[in-house]
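For reference, the structure discussed in these notes is given below.
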Amino acid sequence: MAPNFEGKKVKVGVLGATGTVGQRFIVLLSEHPFFVLHALGASQRSAGKAYSKVVAWKQVRAIPHVVRDMVIQECKPEHFSECSVVFSGLDADVAGNIEAAFREAELAVFSNAKNFRRDPHVPLIVPLVNTSHYSIIQQQQQLHSPPLKKGFIVTNANCSTTGFVVPLAALEKAFGPIESCMITTMQAISGAGYPGIPSLDILDNVVPYISGEEEKMEWETLKILGGISTEDDGKKSFDMHSKQPLRISASCNRVPVLEGHTECVSVRFAKRPPPSPQQVREAFQAYTSDAYAMGCPSAPRHTVYVHEEPDRPQPRLDRDFQLGAGVCVGRVRECRVLDIKFVVMANNVAIGAATSSIINAEFALLKGYVA
Ligand SMILES: NC(=O)c1ccc[n+]([C@@H]2O[C@H](COP(=O)([O-])OP(=O)(O)OC[C@H]3O[C@@H](n4cnc5c(N)ncnc54)[C@H](OP(=O)(O)O)[C@@H]3O)[C@@H](O)[C@H]2O)c1
């Protein structure tokens with residue numbers, strides 16, 4: 001049972017509050033049982049103005065009352081001094097220095113940007129998969145100069161990585177290491193932020209290139225699915241799945257869908273003979289997250305929802321299931337080249353971005369990492 005924080009909710013800020021991910025943060029945090037929105041940050045273009053006057057609001061529901069008249073601040077820690085936590089939906093061009101400054105000012109930073117994902121002391125946490133990686137936070141704080149008491153950075157993964165590591169984690173939990181994996185994505189245009197790709201480039205079209213995306217998927221997956229090893233001197237490091245090398249080949253495409261990344265995945269298991277499609281379906285259904293078990297209120301009951309219909313999942317029909325907090329799979333079948341193939345669909349702005357950060361923060365709060 002989740003604790004009740006009513007009356008003493010944790011004050012939080014949103015950096016990049018006007019953007020695609022920032023708006024989703026605002027929707028999700030405006031009625032949150034643990035957190036209360038206290039400060040909003042964006043660029044100098046927006047700072048000093050009321051939120052409703054500058055935001056190009058693109059959500060289905062109206063701007064929450066609580067933020068309509070809130071004045072946007074520059075992304076400087078002094079404007080967020082009453083907050084314990086900030087959620088970052090900042091553009092990667094600026095996220096690095098700003099997030100580092102907030103950590104230095106002893107705030108807990110939950111970031112969607114790529115800047116710290118490769119940092120050897122910053123965990124890259126998909127909350128339905130690897131909350132155990134929180135164990136590196138203390139080292140991050142101790143190695144900081146000067147050492148930190150409360151400040152840290154946790155990142156979540158690229159939106160296309162997130163959808164596909166969840167079923168992979170379920171398979172590794174049930175059947176042991178995966179040896180190789182081929183993946184082809186069909187990614188929604190909201191994944192590129194607002195205003196994103198011009199309509200004349202994407203309508204009636206498929207763009208078979210997203211800069212840097214394939215490399216991110218191939219690298220981030222190893223950090224997320226790998227473990228943390230501890231040396232004799234107590235120093236921890238990410239093992240990048242090196243005990244059982246995992247080869248991944250990703251092909252990324254942009255398609256004219258608003259929200260929800262669909263991905264076709266084929267895997268080969270180390271285990272011989274490999275599991276049957278039915279055993280794989282059962283493993284997906286049985287998989288649950290530590291975040292849900294801990295009582296994180298935004299964690300979905302169905303971590304991996306398995307569709308039996310031959311033409312599902314589909315982004316338009318399935319992206320809002322469980323508020324987009326889980327992933328949907330379907331078409332689980334034998335692969336004649338590797339072992340098993342299936343389709344996964346994940347909401348790129350929910351579990352692919354804001355919802356992941358929020359579950360990460362809920363978990364950190366329940367575990368006592370947020371002071
Ligand atoms: N969209 C997705 O599905 C998705 C998924 C996972 C991760 N991400 C990552 O999340 C981050 C945000 O993505 P997005 O799609 O929300 O982008 P976006 O719509 O372009 O929003 C960017 C935000 O950054 C702010 N910003 C820009 N320059 C700034 C500056 N110099 N100082 C302070 N704030 C500044 C913008 O504020 P102004 O309005 O004032 O310019 C805006 O609030 C990116 O790092 C992206 O890679 C996105």
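Being within 22 Å of the chain's Cα centre (by Cα) and exposed (fewer than 15 other Cβ atoms within 10 Å of the Cβ) narrows it down to one residue among Ser298, Ser249; which is it?
Values: Ser298 fails: exposed (fewer than 15 other Cβ atoms within 10 Å of the Cβ).
Of the residues listed, the single one that is within 22 Å of the chain's Cα centre (by Cα) and exposed (fewer than 15 other Cβ atoms within 10 Å of the Cβ) is Ser249.
When we screen Met240, Met186 for residues that are outside any loop (DSSP other than H, G, I, E, B) and either within 14 Å of the ligand (Cβ to nearest atom) or not aromatic (Phe, Trp, Tyr) (or both), the only hit is Met186. Residue count for the stretch 150-183, restricted to those that are over 19 Å from Ser289 (Cβ atoms) and away from the ligand (no atom under 16 Å from the Cβ): 10.
Considering each of Asn97, Asn112 in turn, give the residue that is free of Cβ contacts under 8 Å to residues at least 24 places away in the same chain and under 24 Å from Ser237 (Cα atoms).
Details: Asn112 fails: free of Cβ contacts under 8 Å to residues at least 24 places away in the same chain.
Asn97 is the lone residue from the list that is free of Cβ contacts under 8 Å to residues at least 24 places away in the same chain and under 24 Å from Ser237 (Cα atoms).
Which of the following residues is surrounded by 17 or more Cβ atoms within 10 Å (Cβ to Cβ), among the hydroxyl-bearing types (Ser, Thr, Tyr), in the same structural domain as Lys53 (by TED's automatic domain parsing) and away from the ligand (no atom under 11 Å from the Cβ): Ser84, Ser88, Ser111? Talk me through it step by step, then tell me what you get.
Values: Ser88 fails: away from the ligand (no atom under 11 Å from the Cβ); Ser111 fails: away from the ligand (no atom under 11 Å from the Cβ).
Step by step, each of Ser84, Ser88, Ser111 is checked, and only Ser84 is surrounded by 17 or more Cβ atoms within 10 Å (Cβ to Cβ), among the hydroxyl-bearing types (Ser, Thr, Tyr), in the same structural domain as Lys53 (by TED's automatic domain parsing) and away from the ligand (no atom under 11 Å from the Cβ).
Give me the residue from the stretch 18-30 that is more than 14 Å from Phe110 (Cβ to Cβ) and near the ligand (Cβ under 6 Å from one of its atoms) and, out of that set, nearest to the chain's Cα centre (by Cα). Give the steps one after another, and end with the answer.
Taking the stretch 18-30 and keeping what is more than 14 Å from Phe110 (Cβ to Cβ), we get 18-20, 23, 26-27, 30.
Retained after the next criterion (residues that are near the ligand (Cβ under 6 Å from one of its atoms)): 18-20.
Values: Thr18: 19, Gly19: 16, Thr20: 14 Å.
Per the stated criteria, the residue is Thr20.
Filtering Gly326, Gly295 for residues that are outside the structural domain of Phe35 (by TED's automatic domain parsing) and under 30 Å from Gly151 (Cβ atoms) leaves a single hit, Gly295.
Select from the stretch 81-109 the residues that are outside any strand (DSSP E or B), touching a helix residue (DSSP H, G or I) at 6+ places or on another chain (Cβ under 8 Å) and under 16 Å from Gly22 (Cα atoms) and list them in ascending order. Walk me through it before giving the result.
Initially, the stretch 81-109 is screened for residues outside any strand (DSSP E or B), giving 81-84, 89-107.
The next check asks that each one be touching a helix residue (DSSP H, G or I) at 6+ places or on another chain (Cβ under 8 Å); those that pass are 89-90, 101-102, 104-105, 107.
Those that are outside any strand (DSSP E or B), touching a helix residue (DSSP H, G or I) at 6+ places or on another chain (Cβ under 8 Å) and under 16 Å from Gly22 (Cα atoms): Gly89, Leu90.
Being outside any loop (DSSP other than H, G, I, E, B), of a type outside the set (A, V, I, L, M, F, W, C) and either surrounded by fewer than 18 Cβ atoms within 10 Å (Cβ to Cβ) or within 16 Å of the ligand (Cβ to nearest atom) (or both) is a property that does not hold for Lys58.
Restricting the search to strands (runs of 3 or more DSSP E) fully inside the stretch 272-363 and requiring at least 2 residues that are in contact (Cβ under 8 Å) with a residue 60 or more places away in the chain gives 327-334, 340-346.
The single condition among (1) assigned to a loop (DSSP other than H, G, I, E, B); (2) near the ligand (Cβ under 8 Å from one of its atoms); (3) surrounded by fewer than 18 Cβ atoms within 10 Å (Cβ to Cβ); (4) under 25 Å from the mean Cα position of the chain (by Cα) that Gln44 does not satisfy is (4).
The values are calculated or read from the model by the stated rules, or taken from the named source; none is laboratory data. Values in this document were obtained by computation on a predicted structure and should not be read as measured data. FYI the Cβ positions are ideal-geometry reconstructions off the backbone, even for glycines, and counts take in every protein chain you see.
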